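**Student:** This structure is in structure tokens; I'll ask about it shortly.
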Amino acid sequence: MNTDEAQAVQLAGGQQLLIPFGEDAHLVWTRTTTGQTAALGLICQGNKTLNVSGDGQERIIRFLPEGKVQRLLGGLRQRSKFQEFERKLAQRGKRIGKILVLLDETNNVAILGVANAGDEAKIVYQVRIKLKPDKDDEPDGNAEPQIQATACGQATGEAVPAGAQLEPLSRDPGEGGDFGGGYYGGSEGGDYGPQICTSQWGYDYHCTSRFPMLSLSLSGPLPTLTVPQTFVNQQSQGSFVIWNSGGGRLTGTVSVSAPFSIASGASFNLLPGQPQEVVVRFSSANPGSFSRSVSISSNGGNQTITATSVAHKISFSPAQVDFGSGLLVLREQCNQMGACGLGTEKVGLPIEKTLTVKNEGTVSVTLTLSTSAPYRVVSALPTLSPGQSGQVTLRFDPNESGNFTGMCRWGLVAGRGV
């Protein structure tokens, strides 16, 4: 196989290229301090490989068979960092697909190449985990995995440099002959690797772009952020994510007018594939339904989204409910078998009172009501139209003597309560 037929993957955070030739042999190229490239090499011996790294370290590595890959994956899924990694994938509608595992026997480390399901040809993440001694499919103790995006330019924002000369690496003829040298020029078909990469934060970006690009988690021709409804003079929050889907640095600001405000994320300075959450806060002294434009200005493009929310106004009558008093009387009580003893008898209990609730806002509202013992909500409120009133029955039913006070907690269906 010629070197220009192999797929080059630049490992994030390094200056090396791993060039796989199927599953039987690999080459590793490194960039020298003078900017030249040279082969460090991988030499195959059966199903194992001697890897000579840039610092001169020699490591014995081999591929892990599929059965052991699945056992290793099961162990990784017990680790918190890997659980968080899979959770973030799921949030973006992705999941783990094909996995290839290289076992570094010298350092007892497993190196996993992970592809997204449905795109098995593209290894987008590298996971490293320390293994138990003499085990090649069980993570060691409490060791947490190190997870990073494979580069396709991730480390430096560039793919294999156009015009890079690759030196040949020879093997013993009995092991399959020589790998011939190759030359990659910009006129021979563009950069190695895909044009879309996935960052260490789990966001896609154009890895060959030199210019920043603004992207949002909100989609559609008229992206809208619906902030949860609340009551007047109360606060609620909603959020969205912006990220740099191009190269360079994405810088800019986010602004919105009252009764909305930017609680966090009002300015940003983002690397390729780096996200930032923007939190929008809503609070109004007046009831009503509100809509405002959120303006995002950046050196990678401008965007406008619409923020909406509702402030409800509710009144209660009476503002304080007095249940009066009842009695808990100790009396001798006997059962059918003739056994007698002291028992508690309630006199004048339970006590029920009615509370009137009125919607003084401009939007229909559905409320929830809760309280705690010895109080209880007996009936639920219907949806109240603007100006409409409704009644709720509350019950006082203690099981012990004393003075009691309680609070009623009101909430909004699909909104924020007080």
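Values quoted throughout were computed directly from the atomic coordinates according to the rules given, and no laboratory measurement underlies them. If you're wondering where the values come from, they're calculated on a predicted model, not measured in any experiment. Glycine gets a Cβ as well: all are built from the backbone with ideal geometry, and neighbour counts include every protein chain shown.
**Student:** For the pair residue 400 and residue 211, what calculated FRET efficiency results from E = 1/(1 + (r/R0)^6), where r is the Cβ-Cβ distance and R0 = 60 Å, to the nearest 0.05?
**Tutor:** Details: r = 72 Å, r/R0 = 1.20.
Plugging the Cβ-Cβ distance into 1/(1 + (r/R0)^6) gives 0.25.
**Student:** May I ask you to derive the FRET efficiency for residue 370 and residue 336 from their Cβ-Cβ distance with R0 = 45 Å, giving the value to the nearest 0.05? Intermediate results must be reported in sequence, preceding the final value.
**Tutor:** On the way: r = 40 Å, r/R0 = 0.89.
FRET efficiency, residue 370 to residue 336: 0.65.
**Student:** Going down the table (68/88; 88/130; 88/132; 68/132; 68/135), which pairs top 21 Å between alpha carbons?
**Tutor:** On the way: 68/88 25 Å; 88/130 23 Å; 88/132 27 Å; 68/132 14 Å; 68/135 10 Å.
Over 21 Å Cα-Cα: 68/88; 88/130; 88/132.
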